[in-house]
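Engineer: Supplied in structure tokens, the structure appears directly below.
The values are calculated or read from the model by the stated rules, or taken from the named source; none is laboratory data. Computed from a prediction, not measured in an experiment: that's the story for all the values here. Glycine also receives a Cβ, built like all others from the backbone with ideal geometry; neighbour counts cover every protein chain displayed.
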Amino acid sequence: MDEMKKEHQKLHIAVFPWLAFGHFLPFLRLSNHLAQLGHRISFISTPKNLHRLSQIAPNLSSLVTMVPLPLPPVHGLPDSVESTSELLFRLVPYLKRAYDQLQPPLTEFLQNSDVNWLIHDFVPHWLPQVATRLGINSVFFSIFNASVLSFLGSPEELLRRDQQPLEDLTVVPEWIPFPSNFAFRLYEVIYHQECMDSDASDFFRFAKVIEGCRFVAIRSCPEFESDSLSLLQKLYRKPVIPVGLLPAEANDGERDESWDLLKQWLDKKTENSVLYVALGTELTLSQDEMKEFASGIEKSGLSFIWVVKTRDDPIITGFEARVSGRGLVWVGWAPQKRIMAHPSIGGFLTHCGWSSVTEALGSGRVLILFPGACSDQGLMARLLVGKQVGLEIPRNEQDGSFTSDSVSESIRRVMVEEEGEQLKRNAWAMKEIFGNVQLQNKYLDEFTRVLESELVLTKST
């Protein structure tokens, strides 16, 4: 009878992601899976973000409860801003400071609830200590993959990073024991410094949540990066558990009317002939960069769909007129998963966000890599080049500059020329991992069993 109770014990799990949509959606997919297995979820964030999430994910389980915590005002943070997508990159440190001030209301919520587990992001360095004091088990859930975390190193190495020169991040770390091309470019490191809070750097935040949590969960699977997952176990000296790649569901925020228009256009194109271009919601190009980028797409001579944030740009206006018929400029949200699954799509020009990469390889699409200079995107580009599923557009390593010719030549090398054929075959083979929903759900189920069994173990000791 006791075993039956353990097996069917339902948990109350609090989830607390960082205020960025690249973080919200993996946390939401993880939450929904746990809820479908009967566990109660309290998804904690700010009111504006929760409202937006409820609109793009209307089919959430009834066991997922949105818990709003108003974001405190902070000098330097514009009024009503609650996520990185609404903010200039250099202002992100103010958002981190406001997020840190959620500690008192979050602590009060946890004190007055029956939460068993707390799943959190890397930013709240103070949270594992709060959870321990309240007798709640905490898990650091990394939306970054194991290769990225292994590059950053152990908590001890992370704490030393703040005292080291930026150039140290441009070489492969000595603790990586296998062949690797994994390092930042100098311009990426310099740019990312702008979003670091001087009071608590990202390195410090990572170190403290890794040190303080019961174990680390990672959006990855051993079929893709077994070496890095094994290395992390040694670096962290605590369990590192893959939760799978959390592929988007077929109807994940997709609006049928948008897809109908795009499908009609794609249906008129030949198989593998169209380039899909999307640089994410937070990568912003300067006017000079936008001009070179648009010119490179145009020079490639290929059919394309380019997703942009706004049409209010003189470069886009003239560009649309010149490529009419051959190219389609799509403004705002696009049903990306459906687009990349269409047989007319032959490749994906991406900013190298992990969510976009998982969607592309889930459809077996080869990648043209144009990483943003923030976060893990440069490292992701190097990883994917190493996996031979894409080609990175050359940029100046000091300042990140590039030319329209480098854009067009990279597109054609992958999409048209002979050297791209092997890259296409490699990317298509990745569909067996990234597009395998049964495999990825197996890791989610295993993660859930760890939460259930660890809680029983904790209560019995």
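Engineer: Could you grab the pairs with beta carbons closer than 7 Å, sequence gap of 6+ or different chains, first residue in the range 179-191 and in a loop (DSSP other than H, G, I, E, B), second one of a type in the set (Asp, Glu)?
Structural biologist: Arg185/Glu397
Engineer: Oh, and also: Conditions: (1) farther than 22 Å from Leu245 by Cα; (2) surrounded by fewer than 19 Cβ atoms within 10 Å (Cβ to Cβ). Leu37 meets all but one. Number of the miss?
Structural biologist: (1)
Engineer: Quick check, is Arg185 buried (at least 17 other Cβ atoms within 10 Å of the Cβ) and charged (D, E, K, R)?
Structural biologist: yes
Engineer: With respect to Ser147, determine if the residue is hydroxyl-bearing (Ser, Thr, Tyr) and over 16 Å from Gln233 (Cβ atoms).
Structural biologist: Taking the combined requirement at face value, the residue does not satisfy it.
Engineer: Going residue by residue through the range 160-173, is there one that turns out to be in a helix (DSSP H, G or I), in contact with a Gly (Cβ under 8 Å, 6 or more places away or on another chain) and not β-branched (Val, Ile, Thr)? Steps first, please.
Structural biologist: Residues of the range 160-173 that are in a helix (DSSP H, G or I), as a first pass: 160-161, 166-170.
Cutting the leftovers down to in contact with a Gly (Cβ under 8 Å, 6 or more places away or on another chain) gives us 161.
Retained after the next criterion (residues that are not β-branched (Val, Ile, Thr)): 161.
For the range 160-173, residues in a helix (DSSP H, G or I), in contact with a Gly (Cβ under 8 Å, 6 or more places away or on another chain) and not β-branched (Val, Ile, Thr): present.
Engineer: Residue by residue through the range 86-121, note down the ones that are polar (S, T, N, Q) and surrounded by 17 or more Cβ atoms within 10 Å (Cβ to Cβ).
Structural biologist: If the condition is that a residue be polar (S, T, N, Q) and surrounded by 17 or more Cβ atoms within 10 Å (Cβ to Cβ), then Asn116 is the only one that fits.
Every residue, every condition in (1) out of contact with any Gly (no Cβ under 8 Å at 6 or more places or on another chain); (2) part of a helix (DSSP H, G or I); (3) under 30 Å from Gln287 (Cα atoms); (4) outside the structural domain of Asn181 (by TED's automatic domain parsing), yes or no:
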site	(1), (2), (3), (4)
Asp399	yes, no, yes, yes
Glu421	yes, yes, no, yes
Asn441	no, yes, no, no
Leu451	yes, yes, no, no
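Engineer: Here's something else I'd like to know. Please determine, by comparing only the residues of the range 191-215 that are more than 19 Å from the chain's Cα centre (by Cα), surrounded by 16 or more Cβ atoms within 10 Å (Cβ to Cβ) and not charged (D, E, K, R), which one is nearest to Val148 (Cα to Cα).
Structural biologist: So, considering only residues that are more than 19 Å from the chain's Cα centre (by Cα), surrounded by 16 or more Cβ atoms within 10 Å (Cβ to Cβ) and not charged (D, E, K, R), the one nearest to Val148 (Cα to Cα) is Ala207.
Engineer: Another question about this same structure. Which condition from (1) at pLDDT 95 or above; (2) not in a loop (DSSP other than H, G, I, E, B) is the one that Ser355 breaks?
Structural biologist: (1)
Engineer: If the requirement is being closer than 24 Å to Tyr191 by Cα, modelled with pLDDT of 95 or more, among the aromatic types (Phe, Trp, Tyr) and under 25 Å from the mean Cα position of the chain (by Cα), which of these qualifies: Phe304, Phe293?
Structural biologist: Only one candidate qualifies: Phe293.
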